[in-house]
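Just so it is clear, none of the values below were taken in a lab; they were calculated from the coordinates. Just so it is clear, the structure is predicted and the values come from calculations on it, not from any experiment. FYI the Cβ positions are ideal-geometry reconstructions off the backbone, even for glycines, and counts take in every protein chain you see.
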Amino acid sequence: MKTEKSYYAHELAVVDEGCKIGPGTKIWHFTHIMPNCAIGENCNIGQNCVISPDVVLGNNVKIQNNVSVYTGVVCEDDVFLGPSMVFTNVINPRSGVNRRGQYTKTIVKKGASIGANATIVCGHDIGRFAFIGAGAVVTKEVPDYALVVGNPAKQIGWMSEYGHRLKFDENGIATCLESNEKYKLENNKVSKV
């Protein structure tokens with residue numbers, strides 16, 4: 001008896017054995033899901049992507065076209081990976097030196113967005129609801145709610161969970177323009193009130 005899969009994979013996508021893929025997930029053409037990946041529910045993985053062995057993606061992760069998510073990367077729920085953004089997983093790659101098993105872990109935490117053509121150098125976690133601008137090169141940890149841009153990426157502000165820049169008053173309180181949720185800035189950290 002053949003069981004129906006609960007996710008969609010385009011006929012030109014390749015899904016290797018040993019993957020766990022949640023219901024409602026869509027995998028588009030020319031994308032390769034390699035062995036032993038764990039992909040959550042309602043994810044969308046665009047065309048021409050590679051999800052390397054043992055990668056973990058939470059629920060509702062959106063991966064745009066031309067993205068490779070390498071072994072060692074974990075994306076929590078509600079992460080957005082923009083077109084052609086890049087992860088690395090070895091800090092000192094050499095063609096003639098085998099570094100398998102020396103992969104450096106990178107965690108992209110819940111709700112974070114990484115813009116088109118950004119590069120995340122391995123070993124630098126991206127905080128909850130952080131916003132990485134297009135083309136940024138991340139070379140250090142990014143705090144929760146931080147807005148970082150440039151090469152190397154520098155923090156220039158803070159973002160709400162809805163993706164709007166926060167402007168804090170003299171009491172360290174900001175309100176999201178879209179959701180009206182309030183945030184507090186204290187000791188150079190932002191939290192939702």
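The table that follows gives values for the structure above.
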{"read-out": "Computed lengthening from Thr139 to Lys5, 0.36 nm per intervening residue step minus Cα-Cα distance", "value": "44.3 nm"}
{"read-out": "Ranked Arg100, Arg165, Arg128, criterion: other C-beta atoms within 10 Å, fewest first", "value": "Arg100, Arg165, Arg128"}
{"read-out": "Gained length - Asn98 relative to Ile173, 0.36 nm times residue gap less alpha-carbon distance", "value": "22.0 nm"}
{"read-out": "Segment 93-172 and segment 1-78: distance between their alpha carbon centers, rounded to Å", "value": "22 Å"}
{"read-out": "Fraction of beta bridges assigned by DSSP in the chain that are antiparallel (%, nearest 5)", "value": "25 percent"}
{"read-out": "Beta bridge orientation in segment 33-112: antiparallel %, DSSP, nearest 5", "value": "5 percent"}
{"read-out": "Shape category assigned to the chain from the gyration tensor of Cα positions, a/c cut at 1.5", "value": "oblate"}
{"read-out": "Percent RCO, i.e. relative contact order, over segment 27-130, from Cα pairs under 8 Å lying at least 6 residues apart", "value": "21 percent"}
{"read-out": "Inter-label distance for His32 and Lys182, nm, one decimal - labels placed 7 Å from Cα along Cα-to-Cβ", "value": "5.2 nm"}
{"read-out": "Contour excess over end-to-end distance, with Cα ends at Ser84 and Leu12 and 0.36 nm allotted per residue", "value": "24.0 nm"}
{"read-out": "Descending semi-axes in Å of segment 94-175, equivalent ellipsoid built from Cα gyration tensor", "value": "29, 12, 10"}
{"read-out": "Whole-number D in µm² s⁻¹ for segment 60-101, Kirkwood Cα-pair radius fed into Stokes-Einstein, 20 °C, 1.002 mPa s", "value": "180 µm²/s"}
